[in-house]
Amino acid sequence: MANHSATHPKHVHHHFVNSNQQFESAKLGMWVFLVNEILFFGGLFCAYIVFRAWYPELFTQAALELNTFWGAVNTVVLIGSSLTVAMAIRSAQNNQKRGLEINLLITIFLACVFLVIKYFEYEHKLHLGIAPGSFWNPTPEIAAVLDHPKANIFFGIYYMMTAVHGLHVIIGIALMVWLYLRARKGHFNSEYYTPVEITGLYWHLVDLIWIFLFPLLYLIE
Amino acid sequence: MASASPTANNAATTPTKLRVKRFPPAQTPTNTYLTDEKGVWAWLTTVDHKKIGLMYLGAVAFFFALAGFLAIALRTELWTPAKTFIEADTYNQLFTLHGAMMVFFVLVPSIPAALGNFILPMQLGAKDVAFPRLNLASFYIYVFGAIFTFLSLANNGFDTGWTFYTPYSSDSNSAGIIWVTLGVFILGFSSILTGTNFITTIHKLRAPGISWDRLPLNVWALYATSIIQVLATPVLAITILLLAMENILDIGIFDPALGGDPVLYQHFFWFYSHPAVYIMIVPGFGIISEVITTFSKKTIFGYWAIALSSLAIAFIGFLVWGHHMFTSGQSAVATTIFSFLTFLVGIPTGIKIFNWVATLYRGSISMKTPMLYVFIFIFLFSIGGFTGIMLGALSVDIHLHDTYYVVAHFHYVMMGGTLIALLAGLHYWWPKMTGKMYNEPLAKIAAGFIFVGFNVTFLPQFIMGAQGMPRRYYNYIDQFTPFHQTSTIGSYILAVGFLIILYYLAHSLFKGKQAGPNPWNSCGLEWQSTSPPDFHNFSHTPVVIHGPYDYHQPMEEFQLGLAIEHGHGEEHAAADATTSEAVTSETTEA
Ligand code: HEM
Ligand SMILES: [Cu+2]
């Protein structure tokens, strides 16, 4: 790390020619990472498609147990948070420190709302004994409606998909808290907002995946 | 001149007049990457791609030695038809360890993460990869994942083979599988980070003048590899996560006892693992292209054919996974399609081989050790590839599936291909990495041992496989004894070869002759800096006005650099207009 020059902005790492090259690299890197994520979830979607093709009646039957209302609320919540994260980026680009902080806070709040709602959904399911794998133990009333012999597999897939997605939401919250702390210290401005931008990209993907999960799991007719 | 370069954001590549100067690299460098930071701690925390590359090389070599040692034990056990010296269960565990280590610890990271890390930024004229800290992280994730996987495999007496097929992996030892899969998951992460890093580096960090048509073929190969890594590895990750959940929660996706489908697991697994065999071989192709031009002193024949065939292989590689399940009860239509698609892979692979051979034609060939390995590669890999095509033929595969024929096939491609290419690259770039020459006669002798040992080990396996010897068997009928014993003898010859290599490479570190910047007289950009290079790889930002294989151009034209100090962008912009330094040559660059 020799010869760091005085004219060289602090946030630019030694191996980049300039700040723009660094920004472009970070963005491309994030896009590549998102491709990764899509394939990661792609595996789950594949398992979903395969089992749905094999047991279509199972999927229609089991989906009735999911609460469409709260699923829809969560969809709206996440779409809202995508909007606020976009506004956060906009604020950073315009040097609006306050706007950046507030938008980040709202995004964090909405993400937490999503998790709370998800928590209550899980809670309700577990209460009825609709639990994953070997914990599968539905109450007699549930067992009467959910009489498909492979019903547990649907919920295995449901829990896998939503839990992995939920994990991504938690990671997103952690990232945004980190951004917020840095934003308060005034680290971001129109010259340098790379972390805000790429976290935003990540958050849009998390949102997008939910937009696929919701109809696939909740809205099966 | 390649004005369509997508890296227009690199200040140094936007169309401006660049003042360039010739920078002949010093014969004996004063300050190199090996001397600028001292101490163990400085190495362990370095973000320098060259040191990280070397650390990877060390780790890979270590695991290779360990897994190789197990292979010798396995071959020794097979000396007699019944028990020779280890128990049947131990045998199963050892081949699982051997296979998993060779694939996940050695072959997958070997060329990209070890040699690629060192060479890629140098071939691009960059100071480092795009994300140096991520690079270091990927190294530690690799080491941690490898140790973790090793301990879980060994501790739990895991014996499913490296493919972890259900229901083997879901019934027996369900405690162990969680740890093993977690380990492989961690390793996959390291692979993904390397791939992401390389793609970004290749897109964004090229020195002035390196347009897409001047990219060294090694870079093209690493690019194709990174794409496969990014697209395939996450599928392995999710597969493994599902497999782990299968064991923790019994969710019933893969385990037939729970209503799941084991063939689905095989689909998932091979959707990663077939592309993964190209993660292993495609970087090897890159090395071959570099070495073959340097030692024939000729432009590569069919630059675009070789560059694009790497991408074609990457693409087709995603469509053929079903050829591992011809006998698993896949539908007849699917098998036929997969068989046909498998044949297609032969086309881009064949294109490469023909172009390499055409490059040799009327070249001035010098038979140095790296070149010797290239010839060995072409010979062995061709056999490996051809037998792959044979296995891809449906009726033939029904007979040969799960026999030693398959074992021989994948050793010809993985060891005869990837590992030999790795050795070619290691010998080729050793002087650049260490600044020292190794003992050439001894190196040739070792190559001889390896070539002979390899064929003695694996040719008999084709024959006994075709005669029906199943793979992964501890005992065998007497009829196969001569083949097994020949094979075992071959493995000892191989081991001697590797020991010789270990000896002379270690020796060269201490007693080797100074290599000088460009011992092979190569036109490659990485050879236009000192050996070993300094921390920033080049004393000045290189400017490239020729392709990497333009051996008809004078060598001086490959030593151009920006006429101003190796600083940062903002300075460049300022200095460009005002520099008053003597300009030896001026060029317009796009
Ligand atoms: C010309 C290209 C290739 C073709 C057409 C081809 C074809 C095949 C086929 C059809 C099989 C399945 C055999 C069976 O299980 O019955 C197979 C197995 C295998 N191939 Fe290849 N292959 C090619 C190149 C490679 C390369 C380059 C590698 C590695 C670097 C490789 C590694 C393997 C491995 C590891 C297996 C067996 C895995 C196992 O069952 O444990 N192949 N190949
Ligand atoms: Cu394959």
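The values are calculated or read from the model by the stated rules, or taken from the named source; none is laboratory data. Everything numeric here is computed off the predicted structure, so don't read it as measured data. Cβ: placed from backbone, ideal geometry, glycine included. Neighbour counts: every protein chain shown. Note: accessible area is taken over every heavy atom of the protein model, side chains too, but ligands, DNA and RNA are not part of it. Shrake-Rupley method; radii C 1.70, N 1.55, O 1.52, S 1.80 Å.
Observations, loosely collected:
- When the listed pairs B:38/B:127; B:51/B:511; B:17/B:51; B:21/B:50; B:51/B:127 are checked against a 24 Å cut-off, the alpha-carbon distance exceeds it for B:17/B:51; B:21/B:50.
- Cβ charges +1 (Lys, Arg) and -1 (Asp, Glu), total dipole of the protein assembly as shown, debye: 1860
- Normalised by the number of residues in the range A:41-218, the mean separation of alpha-carbon contacts (under 8 Å, six or more apart) gives a relative contact order of 35 percent.
- At q = 0.15, 0.18 Å⁻¹ the log10 of I(q)/I(0) for the range B:254-357 amounts to -0.69, -0.86, computed by Debye summation with a single uniform scatterer per C-alpha, solvent ignored.
- Within chain B, helix-based [θ] at 222 nm, where runs of 4 or more DSSP H residues each add -39,500 (n - 2.57), nearest 500: -20000 deg cm²/dmol
- Eigenvalues of the alpha-carbon gyration tensor of the range B:113-198, scaled by 5 and square-rooted, set the equivalent ellipsoid semi-axes at 34, 11, 9 angstrom, largest first.
- Of A:17, A:177, A:77, the one that fluctuates the most in a GNM where chain A has Cα springs shorter than 10 Å: A:17
- Solvent-accessible surface of the range A:41-218, averaged per residue with a 1.4 angstrom probe and all protein chains in place: 44 square angstrom.
- In order along the range B:532-547, the Karplus-derived 3J(HN,Hα) couplings, from 6.51 cos²θ - 1.76 cosθ + 1.60 at θ = phi - 60°, round to x, x, 7, 4, 8, 6, 10, 6, 9, 4, x, 10, 10, 10, 10, x Hz, and Gly and Pro are given as x.
- About the Cα centre, charge dipole magnitude for the range B:178-299 (Lys/Arg +1, Asp/Glu -1 at Cβ), debye: 860
- Test item: Cα-centred dipole of the range B:33-511, Lys/Arg +1 and Asp/Glu -1 on Cβ, debye: 1960
- Between residue B:496 and residue B:85, the distance separating the two model label sites (each 7 Å from Cα on the Cα→Cβ line) works out to 1.8 nm.
- Positive end of the dipole of chain B (Cβ unit charges, origin at the Cα centre): among B:73, B:424, B:23, the Cα lying farthest that way belongs to B:23.
- Tensor-based shape of the range B:120-274 (alpha-carbon gyration tensor, a/c under 1.5 rounded, otherwise prolate or oblate): prolate
- For residue A:97, the lysines whose Cα comes closer than 24 Å to its Cα, not counting residues fewer than 8 places off in the same chain, are A:10, A:27, A:185.
- Per residue, in Å², the accessible surface of the range B:33-511 once ligands and nucleic acids are set aside, probe 1.4 Å: 33
- For chain B: span of alpha carbons on each principal axis (Å, largest first): 80, 51, 49
- Descending principal axes extents, the range A:41-218, alpha-carbon based, whole Å: 60, 29, 25
- Share of carbon and sulfur in the accessible area of chain B stands at 70%, probe radius 1.4 Å.
- Total accessible surface hidden between A and B, rounded to 100 Å², 1.4 Å probe: 3900
- Rg in Å to one decimal, and Dmax rounded to a whole Å, for the protein assembly as shown via C-alpha atoms: 28.1, 90
- Helices in chain A, meaning DSSP H runs of at least 4 residues, each add -39500 (n - 2.57). Divided by all residues, the mean residue ellipticity at 222 nm is -26500 deg cm²/dmol.
- Counting 0.36 nm for each residue step from residue A:119 to residue A:83 and taking away their Cα separation leaves a gain of 10.6 nm.
- Residues in the range A:134-164 occluded by at least 20 Å² - accessible area, probe radius 1.4 Å, against chain by itself: A:134, A:135, A:150, A:152, A:153, A:156, A:160
- Rotationally averaged projected area of the range B:474-541 (alpha carbon convex hull; nm²): 8.8
- Estimated distance in nm for a label pair at residue B:327 and residue B:354, the labels positioned 7 Å out from Cα along Cα-to-Cβ: 3.4
- Net charge over other residues, Cβ less than 12 angstrom from the Cβ of residue A:153 (K, R count +1; D, E count -1): -2
- Near residue B:20, the amide H atoms lying under 5 Å from its own belong to B:563, B:585, B:587; only residues 5 or more places off or on other chains count, and H is placed 1.01 Å from N.
- Mean separation of Cα contacts under 8 Å, 6 or more apart, over the residue count of chain B: relative contact order %: 23
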